[in-house]
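**Q** Dumping the structure here so I can ask a few things about it.
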Amino acid sequence: MTSTATLRDRIVGLDCPVPLLDGSEAPYLNLDNAASTPALRDVLDAIERFLPYYASVHRGTGFKSRLSTDAYDRAHRVVGAFVGADLDRNTVIFGKNSTEAVNKLSYRLELGPESVILSSQLEHHSNDLPWRRCAQVVHVRATRDGRLDEEDFDRQLHRHADRVALVAVSGASNVSGFVQPIHRLARKAHAAGARILVDAAQLAPHRKVDMLPDDHPEHLDFVVLSAHKMYAPFGTGALIGPKELFAHTPPEYRGGGTVDAVTLDHVVWAGTPDREEAGSPNVIGAVAMAAAATALMEIGMDAVADHENELVVRALERLGAIPGVSIYGEGDPAKSRDKVGVIPFNLGTVPHALVAAILGYEGGIGVRHGCFCAHPYVVHLLQLSDEEAATWHAAIARGDKAEMPGMVRASFGCYNTLEDIDRLTEMLERIARGDYRGRYQQRKSGEYLPEGFEERFRGYFEVEEPDEVAGKGGGRSCGG
Ligand SMILES: Cc1ncc(COP(=O)(O)O)c(C=O)c1O
């Protein structure tokens with residue numbers, strides 16, 4: 001792969017100075033890549049080159065419209081190539097993100113009241129809740145350490161065999177980072193007459209995703225992606241799947257762009273993907289996503305995986321050695337290959353929200369804490385009893401999130417370094433020793449805020465509100 005140093009030059013805003021509680025500044029360390037990655041410079045460059053030519057797509061006849069339409073169409077093909085889709089038989093549908101893509105599929109898949117979606121306890125809510133609306137969801141269990149229990153998968157697939165319309169699993173967990181055996185599950189799903197959806201939101205930034213040929217027993221029927229997790233934060237996601245599924249029924253969202261002809265009592269729906277992309281599309285987002293996919297293919301996903309594996313090994317070794325740290329999921333550095341760079345942990349009895357706050361306010365380190373939109377899985381990993389979960393739910397119902405269970409999550413991108421892991425470790429060691437300066441107060445929202453700290457974005461970046469415009473200086477540049 002491109003060396004890490006060169007790769008770091010391709011990230012926008014890396015090492016941006018951010019304010020700390022003691023009044024100094026430190027280069028920002030983003031360890032929240034599982035939520036959103038920063039932008040690749042390749043993406044920014046593509047947008048800057050494209051913007052002067054940007055115009056309406058599909059129906060405009062001017063040069064810029066023709067160029068923009070070509071760019072938008074090509075973006076579909078690039079994203080298809082990124083996941084190895086056979087585009088003679090499959091279509092790439094752009095939307096906002098993975099959540100929208102899964103919801104779309106839930107509306108477009110033909111399901112009856114008896115249909116079963118075989119999902120798992122590991123899923124992000126975005127690959128669980130949409131299915132609960134329209135089918136019976138069977139959640140395959142997680143093992144004690146948080147892996148997919150494949151024996152349970154086999155059992156459930158067998159039990160519901162003739163009713164399983166879809167196996168819906170994540171390619172990698174956004175909580176534990178565990179990578180699922182998606183091709184083996186695909187083979188089993190197909191043998192049972194079902195199809196498979198892989199929620200690749202968390203897998204695609206870290207590992208190569210290959211749908212394989214449509215007639216391959218391990219072919220992935222549907223894949224969803226989020227561009228903002230792939231270094232292209234411009235509001236696009238994709239659903240990739242067989243054209244034939246969308247060809248014979250009308251879309252769930254209807255309007256401009258979805259039709260070939262309309263009379264007062266009849267509609268001729270357009271072909272795919274147009275019929276599935278209602279309204280004026282996010283052309284910039286599509287161009288950005290394609291630029292990110294091209295850059296990642298050029299960098300090489302195997303090289304990305306190797307580099308990130310070094311980060312995981314170092315993180316498991318160093319975090320595991322801090323007194324009081326509990327790592328959830330796989331904590332053994334020798335088994336680092338089983339997961340992408342997502343590490344959930346707690347630090348003794350220090351509340352997860354407090355750890356995250358100190359890392360942010362005093363270390364300039366961005367992580368995430370809580371349940372990461374995967375409540376059943378986090379409850380499982382934390383081994384909460386039913387009573388504990390019920391107490392928590394009752395508190396949430398009262399609007400009190402102070403006792404919300406959870407973890408801290410550090411997640412890596414391809415540009416992070418071993419030094420980044422060391423910086424995280426050193427801050428955690430300080431927190432473990434009680435060596436931090438702030439006095440933190442917890443809000444009802446569950447967040448901890450340091451006393452006396454006044455948040456100031458002015459001088460960094462702020463959207464100007466009308467009454468503030470006069471006399472305000474511009475933000476400063478942050479290498480982007
Ligand atoms: C595994 C997984 N699936 C789905 C999603 C939802 O992605 P988005 O918010 O981009 O729709 C996420 C986001 O964190 C995720 O990690």
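The values are calculated or read from the model by the stated rules, or taken from the named source; none is laboratory data. Worth saying up front: this structure is predicted, and the values here are computed from it rather than measured. Virtual Cβ from ideal backbone geometry, glycine too; neighbours counted across all protein chains shown. What goes into the accessible areas is simple: the full protein's heavy atoms, side chains included, and nothing from ligands, DNA or RNA. Shrake-Rupley method; radii C 1.70, N 1.55, O 1.52, S 1.80 Å.
**Q** Spit out the partnerless Cys residues in the chain, using Cβ distances under 4.7 Å as the pairing rule.
**A** Cys134, Cys371, Cys373, Cys414
**Q** Same structure again: Carbon and sulfur together cover what percent of the accessible area of the chain at a 1.4 Å probe radius?
**A** On the way: 10900 of 21310 Å².
Here carbon and sulfur together make up 51 percent of the probe-accessible area.
**Q** Using the structure shown, select from Lys229/Lys401; Lys188/Lys401; Lys188/Lys339; Lys243/Lys339; Lys104/Lys339 the pairs with a Cα to Cα distance greater than 30 angstrom.
**A** Lys188/Lys401; Lys243/Lys339
**Q** Moving on. Which order do peptides 365-371, 314-320 fall in by mean Cβ count within 10 Å, highest first?
**A** Working: 365-371: 21.6, 314-320: 20.0.
The most tightly packed comes first, giving 365-371, 314-320.
**Q** List residues of segment 266-289, by number, whose backbone nitrogen lies under 18 Å from a label position 7 Å along Cα→C-beta of Arg254.
**A** Residues passing the 18 Å test: 266-272, 274-280.
**Q** Cα gyration tensor of segment 60-146, axes a ≥ b ≥ c as square roots of the eigenvalues: rounded (a/c below 1.5), prolate (a/b > b/c) or oblate?
**A** prolate
**Q** Give the accessible surface of the chain per residue, rounded to a whole number of Å², with probe radius 1.4 Å and ligands, DNA and RNA excluded.
**A** Accessible area per residue: 44 Å².
**Q** Assuming a ≥ b ≥ c are the square roots of the Cα gyration tensor eigenvalues, decide whether the chain counts as rounded (a/c under 1.5), prolate (otherwise, with a/b larger than b/c) or oblate.
**A** Judged from the Cα gyration tensor, the chain comes out oblate (a/c at least 1.5, b/c at or above a/b).
**Q** List, in order, the whole-Hz ³J(HN,Hα) value for each residue of segment 158-166 obtained from phi through the Karplus relation with A = 6.51, B = -1.76, C = 1.60 and θ = phi - 60°; use x for Gly and Pro.
**A** Result, ordered by residue: 5, 4, 10, 2, 6, 10, 6, 7, 8 Hz.
**Q** Run the reach check for Lys64 against aspartates and glutamates, Cα to Cα strictly under 20 Å, same-chain hits fewer than 8 apart removed. What comes back?
**A** Result set, ordered by chain and number: Asp45, Glu48, Asp73, Asp274.
**Q** Let me ask another. Note the full-extension length gain between Asp45 and Tyr460 as 0.36 nm times their separation in residues minus their Cα-Cα distance, in nm to one decimal.
**A** 147.2 nm
**Q** Another question, then. Does segment 340-452 come out rounded, prolate or oblate by the C-alpha gyration tensor, with a ≥ b ≥ c the root eigenvalues, rounded set by a/c under 1.5 and, if not, prolate when a/b is larger than b/c and oblate if not?
**A** It is oblate, given that a/c is not under 1.5 and a/b is not larger than b/c.
**Q** Here's something else I'd like to know. State, as an integer percentage, the relative contact order of the chain based on alpha-carbon contacts under 8 Å between residues 6 or more apart.
**A** Taking the mean separation of contacting Cα pairs over the length of the chain, I get 19 percent.
**Q** In what sequence, highest mean first, do 227-236, 381-390 appear when ranked by Cβ atoms within 10 angstrom?
**A** Values: 227-236: 26.2, 381-390: 13.0.
The peptides rank, most packed first, as 227-236, 381-390.
**Q** While we're here: In whole Hz, with x marking every Gly and Pro, tabulate ³J(HN,Hα) for segment 9-21 from phi via Karplus 6.51 cos²θ - 1.76 cosθ + 1.60, θ = phi - 60°.
**A** With coefficients 6.51, -1.76 and 1.60, one gets 5, 8, 9, 7, x, 5, 6, 3, x, 10, x, 10, 4 Hz.
**Q** Now for a different question. 5 Å is the cut-off here: which amide hydrogens, built 1.01 Å from N in the peptide plane, fall below it relative to Ala168, excluding neighbours closer than 5 in sequence?
**A** Sorted by chain and number, the residues that satisfy this are Leu118, Ser119, Leu197.
**Q** Expressed in nm to one decimal, what extension gain is obtained for the pair Asp70 and Glu114 from 0.36 nm per residue of sequence separation less their Cα-Cα distance?
**A** Here the segment from Asp70 to Glu114 would lengthen by 11.6 nm.
**Q** Taking H as built 1.01 Å from N, whose amide H comes closer than 5 Å to the amide H of Ala410, not counting residues under 5 places away?
**A** Ile343, Phe345
**Q** Rounded to the nearest 500, what is the chain's calculated 222 nm mean residue ellipticity when only DSSP H runs of at least 4 contribute -39500 (n - 2.57) each, over all residues?
**A** That calculation yields -10500 deg cm²/dmol at 222 nm.
**Q** Just for the chain, what percent of DSSP beta bridges are antiparallel, to the closest 5?
**A** On the way: 35 of 54 bridges.
Looking only at bridges with both residues in the chain, the antiparallel portion is about 65 percent.
**Q** Measuring from centroid to centroid over Cα atoms, what is the spacing of segment 163-196 and segment 340-376 in Å?
**A** Result: 28 Å between the Cα centres.
**Q** Apply the Karplus parameterisation 6.51 cos²θ - 1.76 cosθ + 1.60, with θ equal to phi minus 60°, to every residue of segment 282-296 and state each ³J(HN,Hα) to the nearest whole Hz, in sequence, with x for glycine and proline.
**A** Rounded to whole hertz, the list is 7, 5, 4, x, 5, 4, 5, 5, 5, 5, 5, 4, 5, 5, 5.
**Q** For a quick check: with amide H placed at 1.01 Å from N, whose amide H comes under 5 Å from Thr91's, ignoring anything fewer than 5 positions away on the same chain?
**A** Gly241, Lys243
**Q** Calculate the FRET efficiency for Glu387 and Glu468 from the Cβ-Cβ distance with a Förster distance of 45 Å, rounded to the nearest 0.05. Display every interim value, and only then the final one.
**A** Details: r = 50 Å, r/R0 = 1.11.
According to the calculation, E is roughly 0.35.
**Q** What is the diffusion coefficient of segment 112-162 in µm²/s, taking the Kirkwood radius over Cα pairs and the Stokes-Einstein relation at 25 °C with a viscosity of 0.890 mPa s?
**A** 217 µm²/s
**Q** Over segment 48-170, what is the relative contact order in percent, taking alpha-carbon pairs closer than 8 angstrom and at least six residues apart?
**A** Working: 139 pairs, mean separation 23.8, N = 123.
About 19 percent, as a whole number.
**Q** Note down the nm distance, to one decimal, between modelled labels 7 Å out along Cα→Cβ at Ala247 and at Val350.
**A** Reported label-point gap for Ala247 and Val350 is 5.8 nm.
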